[in-house]
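Accompanying notes for the structure given below.
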Amino acid sequence: MFQKVHLQLTAMCAGTITAVLIIMSLCYLYVSEKNLYENQYHSFQNDINTIATSLEQQTVISMEWLSKMESRGNYTFYVLDNGIPFLYNRLNGFSDSPDELILLDKCLSAYQNSQEYSMIELELQTGGLYNACLHMEFPFDPDGGRHEYYASVIELVREDSTLQVVILFPLAFLKEQILSQRIRFFLINLTACLLLALFSFFFTGRLLAPIIESRQKQTAFVAAASHELRTPLAVILSAAECCRDATSERQTGFLDTIRQEGALLTSLVNDMLTLSASDSQRLPFHQAPVELDTLLINTYEAFEPLAADKKLTLTISLPEDALPLCHADADRLSQLLQVLLSNAISYTPEGGSIDLTLAYQKNHFCLTVADTGIGIPPEDQKKIFDRFYRAEKSRSAKGHFGLGLSIALEIVKLHHGTIRVDSRPGGGSVFTVTLPI
């Protein structure tokens, strides 16, 4: 299921960013190509102005000058003197082939059909122009499609003589430049799309990782809880079945077994409800000023008889100086200490010792529970706070389901503190809880 969601999120993320990238690229290309055409057209107009001014100042138009003007801008000149072609046209390679004549005819037709040409003709007919040089530039396509040329027609009017110069500037190189730019953008966008797909796959995988981990933990929690619930339930059902045919004395023993297993079930369910409330952030938490030394003394007095029954030495160490109050939930801290001391008593063999210590330094309280028990292997020290995790079978004491330290961790998080476990020299474990004041 998560693999399908991962792929869908990758497609959505990469597709959205790719669509934005493509739209931006197309907009840029449109503006860039438009500017290229406009800049080239303005450059063409400036060149025509220069050529027209030079023509107006000359009395004789030489072939050398025409050739020089052509080579300057990669232009093609076609000159007509009173409608008669110049010899220069043939010498320069402009033949009388039908295609070239049709191209010239279409260019002149486009010029003559323009509104500006009509105004020029009107002034000429009314005698308003003498010794004038007029020119007009326009985009030109002989096939009526996209512009293939920039064209200009210069008319040099001198009394009864009219000189026409048709100038064509092919746009093939500009179109090649635009095509090259489009190919570059296509390759850049293609590379970017591939990189975005890889990044989206990695990024969405990182986003889904906590959800997948949470789902896996939830599944493991349900499976472990089912396993832990099954054993006491099986014992209760078995004892209840045996009560039917048992004597009164044996029934009492079976009822005691049912009561003990029921108490274990109650403890397990309460722990599970506590963790569930913590996950949904509904765990009751009431902060108030707390005297930690008093809290530790009360906890010590409650557990000292239990330690003595197991022939363990339970000691407490408190600072000699007066301690500031700690803003915390006294009930939750008491529950935390009960978990740590209960584990220490359960996993410390007879004759061992348990030390309960309180220290204060740098605006932090430090609670320590150290035992001389069986210890925790280094490879398991990072896992013991996981739910239902027990380091080894030897630590699976009756009544311990592997939830106590998970609850302790949640309580410490509520207080914005830290908890860690270390191995004690000579054997045993040291649990250290740090709480801010």
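The values are calculated or read from the model by the stated rules, or taken from the named source; none is laboratory data. Values in this document were obtained by computation on a predicted structure and should not be read as measured data. A quick note on method: Cβ atoms are made from the backbone with ideal geometry, for glycine too, and the neighbour counts reach across all protein chains shown. Side chains are part of the model used for accessible areas, which takes the heavy atoms of the whole protein and leaves out ligands, DNA and RNA. Shrake-Rupley method; radii C 1.70, N 1.55, O 1.52, S 1.80 Å.
What to note about this one:
- Folded to 0 to 90 degrees: helix 115-125 orientation relative to the chain principal axis, Cα: 20 degrees
- According to the Cα-based calculation, Rg over Rh for segment 1-85 is 1.50, with Rh computed by the Kirkwood formula.
- The chain: angle of helix 63-73 to the longest principal axis, Cα-based, in degrees nearest 10: 10 degrees
- For the chain, the carbon plus sulfur part of the accessible surface works out to 57%, probe radius 1.4 Å.
- Whole-Hz ³J(HN,Hα) from phi, Karplus 6.51 cos²θ - 1.76 cosθ + 1.60, for segment 161-177, glycine and proline x: 10, 10, 9, 10, 10, 9, 10, 10, 10, x, 9, 4, 5, 5, 5, 5, 5
- Over the chain: helical MRE at 222 nm, DSSP H runs n ≥ 4 each giving -39500 (n - 2.57), nearest 500: -20000 deg cm²/dmol
- Each peptide in 266-272, 249-255 gets a packing score, the mean of other Cβ atoms within 10 Å over its residues, and the list from highest to lowest is 266-272, 249-255.
- Taking the alpha carbon gyration tensor of the chain, multiplying each eigenvalue by 5 and rooting it gives semi-axes of 102, 26, 18 Å, largest first.
- Estimated at the nearest 10 Å², the accessible area of Arg230 is 150 Å² with a 1.4 Å probe.
- For Ile437, the accessible surface of its heavy atoms amounts to roughly 70 Å² (probe 1.4 Å, protein chains only, rounded to the nearest 10).
- Only protein heavy atoms count here; under a 1.4 Å probe, Asp143 has an accessible surface of about 130 Å².
- With protein chains left intact and a 1.4 Å probe, residues in the chain average 58 Å² of accessible area per residue.
- Cα centre as origin, Lys/Arg/Asp/Glu Cβ charges: the chain dipole, Debye: 2300 debye
- Accessible area per residue (1.4 Å probe, heavy atoms of protein chains only) ranks Val235, Val153 as Val235, Val153, with the largest value leading.
- Among 2-12, 408-418, the order from most to least packed when residues are scored by Cβ within 10 Å on average: 408-418, 2-12
- With the charge dipole of the chain set up from +1 on Lys and Arg Cβ and -1 on Asp and Glu Cβ about the Cα centre, the Cα lying farthest toward the positive end among the listed residues Phe203, Ala52, Ser109 is that of Phe203.
- Built from the Cα atoms of segment 163-233, the convex hull projects on average onto 7.4 nm², one quarter of its surface area.
- For the chain, the longest principal axis of the C-alpha atoms and the axis of helix 404-414 are separated by about 50°.
- The value obtained for segment 241-386, namely the Cα convex hull volume divided by the number of residues, is 185 Å³ per residue.
- Rounded to the nearest whole Hz, the Karplus-based 3J(HN,Hα) values (6.51 cos²θ - 1.76 cosθ + 1.60, θ = phi - 60°) of segment 351-362 follow the sequence x, x, 9, 10, 10, 10, 10, 10, 9, 9, 7, 6, with x at glycine and proline.
- Calculated over segment 307-435: convex hull of Cα atoms, volume per residue (Å³): 120 Å³
- Kirkwood radius, segment 224-319, all distinct C-alpha pairs, inverse of mean reciprocal distance: 17.3 Å.
- Net charge of Cβ neighbours under 11 Å - reference Cys326; Lys, Arg +1; Asp, Glu -1: -3
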